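Peer 1: The structure's right below; bear with me while I get my questions together.
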Amino acid sequence: MEKRLLRAVMLVLIMLLVLPALTAAGTAERAVVRETYGIAVFVPGVVAGSPLYELMVAGTEQAAAEYAHVTVRVIEGGFNQAEWEERIMAIAATGQYDLIVTSNGAMPFVALPVAEAFPNQKFLILDAIFEHPQMFTVLYNQFEQAYQVGYLGGLITQSTMAGANPAARRLGMLAGQEYPAMDDMIFPGFVAGAKAVDPEIVVDYRVLGNWYDATRAAEITRSMIDAGADVIMTAAGGANQGVITAAMELGKYVLYVDDYGYHLGPGTVVGSSVLRQDQAAYENIVAAVEGTLEWGTALILSTADGYVDFIDDSPRYVDAVAADVRADMDAMLTRMRSGELALDVPKFW
Ligand code: RBF
């Protein structure tokens, strides 16, 4: 009798201890699954100074601001590319994020083992192309983007603008790193744009080897200018400022890409060819939250779609560039925006 009573008391005690915990766990799980939509933005590098990363964060925050239940956490992965996969694996392993948003052409391959390890994890990967049922990728036609600034560079080098050196017929280009999109889409687009103005123009193509060393970027820029280049395109993230500083000192010109850049060197930055990555992030995140995004899609967006464009309505552009150069640039841009001049993305993937 006593034994039975003891057992009954024990059972009641156990139920009192365990039941609330079980209920709490159930509630917590429901809260994660039904009440919040968690987004982790994984930045492969650092945000500050990298135009496409700044635009990705801005677009994500804009989408999240429309929903009370959407949370955003921005995680900077730093410049050690060997660590990125492990960092994303750890983010997925928390189970807290319905969506991981990231950007650059290497990220589908970095994310692939994570997708395989976590079959419910979804990824929005911007500035990249890959087909996978857990991913949605967005590639921009950067052949057209680079063609735009290459064309302007070609016009400027032939012009009577103060810093132009028409005898050399030489432009410069600095890339942070070499990778398929840079070597097979951006660089050839830049060359094609310049040569459309004058087939004799050559491009001095240099690679920095990282996305942050502005001091070294300035040295390389001086060397390109010494060799005769008068207009230099820079795609080097946080190191872009070194290119602008050196060109400013020597009275030469810079072509900036991905985001509005005229304010970074008024009179020196003469062109800004942009990608609407904030818009692409915003729209596709809204669709993901609404449950309408078609996973497995690899989207390609061009100038005629409005996601690649050249900023020609800035007073700084008007002040920096001669009127005849702007008129020739405008004629080309009008054709590209309408789709009359549509340039294919080279298949680099
Ligand atoms: N662009 C940046 O502005 N900052 C970066 O830190 C950066 N890191 C990159 C890392 C890898 C592995 C790759 C493939 C590209 C990177 N880019 C970076 C370049 C970016 O994706 C884009 O191609 C250029 O900004 C030109 O539009």
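The values are calculated or read from the model by the stated rules, or taken from the named source; none is laboratory data. Just so it is clear, the structure is predicted and the values come from calculations on it, not from any experiment. Glycine also receives a Cβ, built like all others from the backbone with ideal geometry; neighbour counts cover every protein chain displayed. Remember, those area values only see protein heavy atoms, side chains included, never the ligands or the DNA or RNA. Shrake-Rupley method; radii C 1.70, N 1.55, O 1.52, S 1.80 Å.
Peer 1: All but one of (1) within 14 Å of the ligand (Cβ to nearest atom); (2) part of a helix (DSSP H, G or I) hold for GLN177; state the number of the condition that does not hold.
Peer 2: (2)
Peer 1: Out of the residues in region 58-87 meeting the condition of being within 23 Å of TRP211 (Cα to Cα) and touching a residue at least 60 places away in the same chain (Cβ under 8 Å), tell me which one is surrounded by the fewest Cβ atoms within 10 Å (Cβ to Cβ).
Peer 2: PHE79
Peer 1: Further question on the same structure: In region 96-113, what count of residues is obtained for those that are among the aliphatic types (A, V, I, L, M) and on the phi > 0 side of the Ramachandran plot? Reasoning before the result, please.
Peer 2: Step one: filter region 96-113 for residues among the aliphatic types (A, V, I, L, M), giving 99-101, 106-107, 110-112.
Filter again for on the phi > 0 side of the Ramachandran plot, leaving none.
Final tally of qualifying residues: 0.
Peer 1: Let me ask something else. Is it the case that some residue within region 251-261 is free of Cβ contacts under 8 Å to residues at least 24 places away in the same chain and among the basic types (Lys, Arg)?
Peer 2: Checking region 251-261: not a single residue is free of Cβ contacts under 8 Å to residues at least 24 places away in the same chain and among the basic types (Lys, Arg).
Peer 1: Checking TRP211 against (1) surrounded by fewer than 20 Cβ atoms within 10 Å (Cβ to Cβ); (2) assigned to a loop (DSSP other than H, G, I, E, B): exactly one of these is not met. Which one?
Peer 2: (1)
Peer 1: Then there's this: Test each condition in (1) part of a helix (DSSP H, G or I); (2) more than 10 Å from the ligand (Cβ to nearest atom) for VAL74 and report the one that comes out false.
Peer 2: (1)
Peer 1: Any idea how many residues of region 269-288 are touching a helix residue (DSSP H, G or I) at 6+ places or on another chain (Cβ under 6 Å) and open to solvent by 10 Å² or more (accessible area, probe 1.4 Å)?
Peer 2: 3
Peer 1: Which of (1) touching an Asp or Glu at 6+ places or on another chain (Cβ under 7 Å); (2) over 30 Å from ALA322 (Cβ atoms) is the odd one out, the single condition GLY238 does not satisfy?
Peer 2: Unmet condition: (1).
Peer 1: Could you list, ordered by first residue, the pairs with Cβ atoms under 8 Å in which the first is in region 34-52 and farther than 22 Å from GLY261 by Cα and open to solvent by less than 10 Å² (accessible area, probe 1.4 Å) and the second is more than 6 Å from the ligand (Cβ to nearest atom) and part of a loop (DSSP other than H, G, I, E, B), at least 6 apart or interchain?
Peer 2: Note: pairs meeting the criteria are GLY38/GLN96; GLY38/TYR97; GLY38/ASP98; ILE39/TYR97; ILE39/ASP98; ALA40/GLN96; ALA40/TYR97; PHE42/GLY77.
Peer 1: Just name the residue that is surrounded by the fewest Cβ atoms within 10 Å (Cβ to Cβ) out of those in region 115-134 that are of a type in the set (A, V, I, L, M) and within 16 Å of the ligand (Cβ to nearest atom).
Peer 2: ILE129
Peer 1: Okay, moving on. If only one of PHE109, PHE130 is out of contact with any strand residue (DSSP E or B) (no Cβ under 8 Å at 6 or more places or on another chain), at pLDDT 95 or above and within 29 Å of ILE75 (Cβ to Cβ), which one is it?
Peer 2: Going through PHE109, PHE130 in turn, just one is out of contact with any strand residue (DSSP E or B) (no Cβ under 8 Å at 6 or more places or on another chain), at pLDDT 95 or above and within 29 Å of ILE75 (Cβ to Cβ): PHE109.
Peer 1: Hey, could you check region 88-113 for residues that are more than 16 Å from the ligand (Cβ to nearest atom) and either free of Cβ contacts under 8 Å to residues at least 24 places away in the same chain or open to solvent by less than 20 Å² (accessible area, probe 1.4 Å) (or both) and say which is farthest from SER50 (Cα to Cα)?
Peer 2: Filtering region 88-113 for residues that are more than 16 Å from the ligand (Cβ to nearest atom) and either free of Cβ contacts under 8 Å to residues at least 24 places away in the same chain or open to solvent by less than 20 Å² (accessible area, probe 1.4 Å) (or both), the one farthest from SER50 (Cα to Cα) comes out as THR94.
Peer 1: Search region 114-132 for residues being within 12 Å of GLU85 (Cβ to Cβ) and in contact (Cβ under 8 Å) with a residue 24 or more places away in the chain, and hand back the single one that is farthest from the chain's Cα centre (by Cα).
Peer 2: Per the stated criteria, the residue is ALA117.
Peer 1: Would you confirm whether or not region 164-172 contains a residue that is of a type outside the set (Gly, Ala, Ser), within 16 Å of the ligand (Cβ to nearest atom) and either at pLDDT below 95 or surrounded by 20 or more Cβ atoms within 10 Å (Cβ to Cβ) (or both)?
Peer 2: So far as region 164-172 goes, no, none of its residues is of a type outside the set (Gly, Ala, Ser), within 16 Å of the ligand (Cβ to nearest atom) and either at pLDDT below 95 or surrounded by 20 or more Cβ atoms within 10 Å (Cβ to Cβ) (or both).
Peer 1: Would you call GLY291 away from the ligand (no atom under 16 Å from the Cβ), open to solvent by less than 30 Å² (accessible area, probe 1.4 Å) and closer than 30 Å to THR36 by Cα?
Peer 2: The answer is no for GLY291.
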